[in-house]
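Everything below concerns the one structure shown next.
The values are calculated or read from the model by the stated rules, or taken from the named source; none is laboratory data. The model shown is predicted, which means the values in this text are computed figures rather than measured ones. For neighbour counting, all protein chains shown are included, and Cβ atoms are generated from backbone atoms with ideal geometry for every residue, glycine included. For accessibility, only protein heavy atoms count, side chains too; no ligands or nucleic acids. Shrake-Rupley method; radii C 1.70, N 1.55, O 1.52, S 1.80 Å.
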Amino acid sequence: ARTNNTTTLPENQVKKGIVLTARVHPGETNASWMMKGLLDFLLGDSNDAKLLRENFIFKIIPMLNPDGVIVGNYRCSLSGRDLNRNYKTILKDAYPSIWHTREMIKRFMNETELVLYCDFHGHSRKQNVFVYGCENKHLPNERLKERIFPAMLSKNDPAKFSYNSSKFKVQKHKEGTGRIVMWSLGIKNSYTLEATFCGSTQKDRAGHHFTIKDLESIGYHFLDSLLDYCDPDHTKEQYRQTVYDELLNGNLITHEDLKDFDAPYDYTISKSKTRLDVEQALTISINNKRSRVRTTNKLNISRNIKSAPNILRAKSQLVITTKRKGTTVNSSRPEPGQNRILHELQDGLRRTIQIKLLSRGVNPASLTDLDLNQFSSSDEDSDEVGSDSSADDGLPKHLEAIAAAKVQLQKKTRKKPVPVKNARDTKKNDLDKENLEKHKTVGLPLSKLRTSQFPNI
């Protein structure tokens, strides 16, 4: 229940602004269901809905790419462009919806304080609901404050929203996305809200596919967290400070944060090049943060990963051989996070190989006959696929299956190539034709088998 002292604003206080958009990618229909749930709650008769309308000005665009939706595009607009990479554009006629949205937000910022910007999307690979945000590296006083709202959302909807899956980075190849452009304009809380096409892995919803009601409930929890984030009540201020303290102390961290830490328990060994022989048919060579992993099974796949932090989980017996001064150290001390890392690596490799083989029209059963090094890729961007990720992250799984079927069909119906004649052969044929024309007989040709009927004299 909300406190009564925040039901109305003083007459001299200006309402703060909220900007929400959705469906910039036409195929991500789950974004529309989240937006519908948000609008149904915001326009309802509940006390919280009235409180939201009295304290904020909402600018909502439920569909940024109507042309792409009408023609049935999955990601692009009618002009074949990804609108979520062109928020910095000056081409008003080429990207009208994006251009006008950005200019509207600029005018809105001159009128009032914008508390939050969020663009709703769908994600075809990762599970759960999560956000892509930005980070304030150059403002020490604002450090980690952009993570407070997502952390509160994860506490209000722990069965569907995963704070661990969220990312807070400003990358150069994504400077044209909505969240980074709005963040660069001065909106601290600028996010891309991603909802999976699949289901949840958390709490009582683990293993269940998301329904329409699940997606609509995310819109409700989004607004409920917004009230908690902006409520001036003393108890809410304490709650926000508690969440912020958890972020500062490292009690709330994402999977991406884990990659930035070093895991070795023995720092004297971690500084040197070590070789770890694990009892799971995998050999890992570690050099500080970067690792080289090579499987010793039939696939012979080489791949780069980052070393993860030391997490207390399954135990693995290790034999450590250092290359410094030629010394050898045998240790039975368990590496708690090693078992988890190996399993995640194997699963990631298996999924990547199967998808890329299918996209090339190759039967996965023939893995042992192929050089699979060409299919290995970096783990750094493996979970970045989706709306706020790079456009070359690949198609969704159902579209990749269709593409693989088309490749198979093309192979069956492909015609044999016509051999190209050599230039010398062509010139020789031309000379032969000219000689035939010169020595061509005039009149009716006589058959070679015809003999004369006159007697010899």
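Structural remarks
- Computed from label points 7 Å out along Cα-Cβ, the spacing between Lys106 and Lys92 is 1.1 nm.
- Distance violations [Cα-Cα > 26 Å] among Lys36/Lys172; Lys137/Lys174; Lys155/Lys259; Lys16/Lys106; Lys126/Lys169: Lys36/Lys172
- Residues whose amide H lies under 5 Å from that of Tyr191, counting only those 5 or more places away or on a different chain, are Tyr117, Cys118, Asp119; hydrogens are built 1.01 Å from N in the peptide plane.
- Each Lys and Arg Cβ is given +1 and each Asp and Glu Cβ -1; about its Cα centre, the stretch 16-261 then shows a dipole of about 820 debye.
- Ranking by accessible area, most exposed first, for Leu226, Leu144, Leu39 with a 1.4 Å probe: Leu39, Leu144, Leu226
- Between Asn249 and Arg351, the contour length at 0.36 nm per residue exceeds the alpha carbon distance by 33.2 nm.
- Compactness check for the stretch 16-261: Cα Rg over 2.2 N^0.38 Å is 0.98.
- If the segment from Thr235 to Lys213 were pulled out straight at 0.36 nm per residue, it would be longer than the present Cα-Cα gap by 4.9 nm.
- Accessible area per residue was computed with a 1.4 Å probe on protein heavy atoms; Ser184 scores about 80 Å².
- Modelled spin labels at Glu135 and Lys406, positioned 7 Å past Cα toward Cβ, are 3.8 nm from each other.
- Within the assembled protein chains, the solvent-accessible surface assigned to Arg107 is about 140 Å², based on a 1.4 Å probe.
- Largest-first ordering by accessible area, 1.4 Å probe, given options Trp183, Trp33: Trp33, Trp183
- For the stretch 47-113, the normalised intensity computed at q = 0.16 Å⁻¹ comes to -0.66 (log10 of I(q)/I(0), Debye sum over alpha carbons, equal scatterers, no solvent).
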